[in-house]
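Here is the structure we will look at.
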Amino acid sequence: MMAVRIVFLGPLADLAGCQEMKAKAPLDWQGLLEMVGAKVAGQLQEERVNIACAGKVLADKTQLQAEEGDEVALLPPVSGG
């Protein structure tokens with residue numbers, strides 16, 4: 001199966017109930033939202049949550065186009081101090 005690896009980081013892993021999942025490639029923004037479930041999808045639509053695909057943080061996460069073998073990392077907001 002052609003697969004994309006979705007990795008949940010920090011509190012997003014708690015929400016998802018897992019650290020990672022596999023999705024069929026190619027994977028776009030809409031497909032990602034459907035894969036991760038309502039709670040995580042809600043978080044992903046927040047401005048402060050970023051997505052990295054194949055090691056690069058996307059300037060516009062809705063333009064996600066993950067191909068076979070790519071890793072999509074869901075990056076929670078960075079809490080700073």
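The values are calculated or read from the model by the stated rules, or taken from the named source; none is laboratory data. Model, not experiment: these values are computed from the prediction. When we count neighbours, we look across all protein chains shown, and the Cβ atoms used for this are built from the backbone with ideal geometry, even at glycine. With ligands, DNA and RNA removed, areas are computed over all heavy atoms of the protein, side chains included. Shrake-Rupley method; radii C 1.70, N 1.55, O 1.52, S 1.80 Å.
General observations
- DSSP bridge orientation in the chain - percent antiparallel, rounded to nearest 5: 75
- Couplings 3J(HN,Hα) of the range 32-42, computed from phi: 5, 4, 5, 5, 7, x, 4, 4, 5, 4, x Hz, in residue order, whole Hz [Karplus 6.51 cos²θ - 1.76 cosθ + 1.60, θ = phi - 60°; x for Gly and Pro].
- Cα gyration tensor shape for the range 28-73, rounded if a/c is under 1.5, else prolate or oblate: oblate
- Computed over the chain: relative contact order in percent, which uses C-alpha pairs under 8 Å that are six or more apart: 41
- Two-site FRET efficiency, Arg48 against Met2, from Cβ-Cβ distance with R₀ of 35 Å, rounded to 0.05: 0.65
- Using only alpha carbons, the chain has a radius of gyration to Kirkwood radius ratio (Rg to Rh) of 0.93.
- Accessible carbon and sulfur surface of the chain relative to its total accessible area, %, 1.4 Å: 50
- Magnitude of the charge dipole, the chain, Cβ model with Lys/Arg +1 and Asp/Glu -1, debye to 20: 120
- Cα gyration tensor shape for the range 13-53, rounded if a/c is under 1.5, else prolate or oblate: oblate
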